[in-house]
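Written out below as structure tokens is the structure these notes cover.
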Amino acid sequence: MNSGDRGNRLRWSIAVPEPRFGVTVSPRFLAAAARNVESAGFDGIWVSDHPLPVDLSIPREEGAAFDANSGAGHQTWDPFTALAWLSQVTSRVKLHTNAVVLPYRNPFITAKAAVTVQHLSSGRLIMSLAAGYLKAEFDALGVDIDRRTELMNNGVSALRAVWAGKPFTMHTSGWKVDGNAALPAPDPHPTLWRAGNSHSAIAYAARFCDGWTPFEVSDDRARATRTAPLEVGTSLRERIGLFRKLCAESGRPTSLDVSLVRTNWNGWTGRPRQQVRDELAELRAIGVTWIVTTLATNEETEFARRLDTLRTLVL
């Protein structure tokens, strides 16, 4: 997917409620939230990916405290199962993984799950892909975190190979394909965005993906999540410029999407409407095409109120 179908406005992807914040999310609430995001005029819904996280919301015995050097995840739905189900209660919004940790899984299992969502949703899947950061989760899943870049790069190659729908050959240290194929072949392929703030993530997105997903993240949080810090302003502008430059050097379109992740609810709602509008106009001017955010609540009434507040501010 390129930028041609969004006109001149920013597009928005809003997180659906996940099993976190200490509140149970019923199937009815989850479906209603997705429909409400769509009817409010937003462009996408997203879920994140932590199969077995270290989660600070879970009480621990004394002596088993959180290691601040390792980072922490949070509870999530399985992204493909949730989005396949939500595809049947929505009709327009994009279905967005933000972000699938590709090294956690065999890429061919991931490819099949993604194709299933793409087919059931009539082509609405956006896969934002991340290399991952939570060592305790890598350990629990039996994956070497030091191989995450290798697994990410091989994984993207595997996704694209299997989605061609033809027998192919591909050998790595982890798997060997000699003439295997998987059907149905998606048409079109799911959109692939590469998440991450590092130079290597930007370069990979420019060469091999359909867009880049930077995360607004402080210095402290960047250390915990094993990525480069990034704040809206000069830092973001410079990195978008680098992304566009590397796209051009690779013979790729310079209009590929840039989906900025800002999960600080107060970053949108704690200021006057015109100030928010001015910042959004500036983000659009420097090349941001999507805003990815969360309403940061799993309470049903509050979710609806915050959705309406955000709609009034930004649409």
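To the nearest Å, what is the center-to-center distance of the range 139-195 and the range 75-105, using C-alpha atoms only?
18 Å
Placing unit charges on C-beta atoms (Lys and Arg positive, Asp and Glu negative, everything else neutral), compute the dipole magnitude of the chain about its Cα centre in debye, rounded to 20.
I would put it at about 960 debye.
Add +1 for every Lys or Arg and -1 for every Asp or Glu among the other residues with Cβ under 13 Å from the Cβ of Arg306, and state the total.
Overall, the nearby charge balance is -2.
Please quote Rg/Rh for the chain to two decimal places, taking the Kirkwood radius as Rh and restricting both calculations to Cα atoms.
0.94
Which whole-number percent gives the relative contact order of the chain, counting Cα pairs below 8 Å spaced six or more residues apart?
20 percent
Suppose every Lys and Arg Cβ carries +1 and every Asp and Glu Cβ carries -1, with no other charges. What dipole size does the range 89-177 come out with about its Cα centre, to the nearest 20 debye?
Dipole of the range 89-177, to the nearest 20 debye: 440 debye.
Carbon and sulfur atoms: what percent of the 1.4 Å accessible area of the chain do they account for?
52 percent
Along the charge dipole of the chain, Cβ charges K/R +1 and D/E -1, which of Asn8, Pro229, Leu307 sits furthest on the positive end?
The listed residue farthest towards the positive side: Asn8.
For Glu299 and Lys166 in the same chain, what is the full-extension length gain: residue separation times 0.36 nm, less their Cα-Cα distance, in nm?
43.3 nm
Using a cut-off of 12 Å between beta-carbons, work out the net charge of the residues near Ala185 (Lys and Arg +1, Asp and Glu -1, Ala185 not included).
Around Ala185, the surrounding residues sum to +2.
Can you give the translational diffusion coefficient of the range 146-207 in µm²/s, computed by Stokes-Einstein from the Kirkwood radius over Cα pairs at 4 °C and 1.567 mPa s?
Answer, rounded: 99 µm²/s.
Taking only the Cα atoms of the range 127-247, how large is their convex hull per residue, in Å³?
Cα-based convex hull of the range 127-247, divided per residue, equals 114 Å³.
Ordered by packing density, taken as the mean number of other Cβ atoms within 10 Å over each peptide's residues, highest first, how do 235-247, 195-207 rank?
Result, highest mean Cβ count within 10 Å first: 195-207, 235-247.
For the chain, what does the accessible surface come to per residue with a 1.4 Å probe? Please give it in Å².
Value for the chain: 45 Å² per residue.
The values are calculated or read from the model by the stated rules, or taken from the named source; none is laboratory data. Since the structure is predicted, the reported quantities are computational estimates derived from the model, not experimental observations. A quick note on method: Cβ atoms are made from the backbone with ideal geometry, for glycine too, and the neighbour counts reach across all protein chains shown. Ligands, DNA and RNA are excluded from the accessible area calculation, which covers all protein heavy atoms including side chains. Shrake-Rupley method; radii C 1.70, N 1.55, O 1.52, S 1.80 Å.
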